[in-house]
Amino acid sequence: MSDDTPPPPPPEPGAPPPPPPAYGTPPPPPPYGATPPAAGGAYNAVDAIKYGWAKFAKSPATLLVPGLIYLLAVIIVEVVLQFFLQATLLDSHSCTKTVFGTEVTAQCGPGFFMNVFANAIGSFVASLIIAALGAGVIRCALNYVDGKEVNVGDVFGYVTKPNVLAAAALVAVLTFIGTLLCVLPGVIVSYLTAFTMFFVVDKDQSPTEAIRSSITFMTSRFSDTLLFVVLAFVCLVVGAILCGIGLFVAAPVVLIAAAYTFRVLHNEPVAPVEA
C-alpha cells in the first residue's frame with residue numbers, strides 16, 4: 001500500500017482547541033518579549049505585623065530576652081551619645097547681645113549647621129553600634145521564623161565578625177553623609193539599607209553586596225516594604241508612648257515581622273504559628 005496519503009484538512013473555524021498536554025508535561029515557555037512574573041511571594045505588610053504579634057504572644061520569652069538585651073543596649077547607646085553631644089557640640093551658654101541698642105542676656109548655642117553636624121555624628125555612631133549588635137538579634141529572629149532553636153548567645157555572636165563590622169561601618173558612613181545633606185537623604189539611606197544586615201547574616205554576603213541586595217529588595221517591592229516600614233514605625237512609636245514599656249513588646253514583634261518579610265519576599269517558607 002502507498003504512503004502517499006494526503007495530510008488531514010485543517011480544522012474548520014469554530015472547532016474546539018487541541019487537548020491539553022498530558023499530566024506532568026512542562027508548560028510551554030512564554031512568548032518572546034513577555035513580561036516575567038513578579039518576584040516575591042504572596043505578601044501583606046499587615047499580615048507580617050500580625051504574624052509577629054502571634055509568634056511573640058505564643059512564646060514571649062523566646063525573643064523577649066534577646067530583644068531586651070538589644071533594646072537596653074540601644075537605650076544606653078542613645079543616652080550616652082546624646083549626653084556627650086549636649087555637653088560638647090550642642091552645649092548652650094549665657095551670652096550678651098545688643099538688640100536695638102540695648103544689651104540683653106540670652107542663651108546662645110550652636111547654629112544650624114553645627115546642629116546638623118552633631119546629629120550626623122550621633123547618627124553615625126548610633127548606626128555603627130546598633131547595627132553591629134543587632135546582627136545577632138536578627139539571627140535569633142530568623143531562627144525563630146524558620147522554626148529553629150533560638151540561642152540567646154547569638155546576640156553577641158556576630159559583633160566581632162569582620163563582615164558585620166564592615167557592613168555596619170559602611171551603612172553608618174552612608175547614613176552620616178546623608179544626614180549631613182539636611183537629614184532627608186539620611187532617612188532615605190536608612191530606608192534603602194534597612195535589610196543589609198539580614199543579607200550579611202543570612203546569605204553571608206560581603207558588605208557592598210549586602211547593601212546592593214538591600215536596595216534591590218526595598219525597591220523591587222517598594223509599596224510592600226514602604227508600608228511595612230511605616231507600620232513598624234507606628235508600632236514602635238505606640239510602644240514608646242506607653243512610658244517606654246510598650247517597646248519591650250513592640251520591638252520583638254517588629255523584629256519577627258521583619259524576619260517574616262525577609263523570608264516571604266524571597267519565596268522562602270516560614271514556620272506556622274502553632275495553635
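Numbers below:
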{"quantity": "Close pairs from segment 190-210: first within 15 Å of N143 (Cα to Cα) and in contact (Cβ under 8 Å) with a residue 24 or more places away in the chain, partner in a loop (DSSP other than H, G, I, E, B) and not β-branched (V, I, T), Cβ under 7 Å, at least 6 apart", "calculated": "V201/Y158"}
{"quantity": "Scan of segment 211-225 for residues that are part of a helix (DSSP H, G or I) and touching a residue at least 12 places away in the same chain (Cβ under 8 Å), ordered by number", "calculated": "I211, S213, S214, I215, F217, M218, T219, S220, D224, T225"}
{"quantity": "Segment 226-275, residues that are in a loop (DSSP other than H, G, I, E, B) and closer than 19 Å to V65 by Cα", "calculated": "G244, I245, G246"}
{"quantity": "Residue satisfying condition, being of a type in the set (F, W, Y) and either surrounded by fewer than 20 Cβ atoms within 10 Å (Cβ to Cβ) or closer than 23 Å to R263 by Cα (or both), within set F124, F113", "calculated": "F113"}
{"quantity": "Residue within segment 162-185 that is farther than 30 Å from F112 by Cβ, of a type in the set (S, T, N, Q) and part of a helix (DSSP H, G or I) present", "calculated": "yes"}
{"quantity": "Unmet requirement for L142, which otherwise passes all of (1) modelled with pLDDT of 80 or more; (2) at positive phi", "calculated": "(2)"}
{"quantity": "Subset of segment 171-185 (residues that are buried (at least 20 other Cβ atoms within 10 Å of the Cβ) and modelled with pLDDT of 85 or more)", "calculated": "V171, L174"}
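Residues are listed down the side, and each one gets a yes or a no for (1) at pLDDT 75 or above; (2) among the hydrophobic types (A, V, I, L, M, F, W, C); (3) under 30 Å from V264 (Cβ atoms):
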position: D47; (1), (2), (3): yes, no, yes
position: K58; (1), (2), (3): yes, no, yes
position: A73; (1), (2), (3): yes, yes, yes
position: V77; (1), (2), (3): yes, yes, no
position: T102; (1), (2), (3): no, no, no
position: I121; (1), (2), (3): yes, yes, no
position: V125; (1), (2), (3): yes, yes, no
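The values are calculated or read from the model by the stated rules, or taken from the named source; none is laboratory data. Small disclaimer: the values here were computed from a predicted structure and weren't measured. Methodologically, a virtual Cβ is constructed for each residue, glycine included, from the backbone with ideal geometry; neighbour enumeration extends over all protein chains shown.
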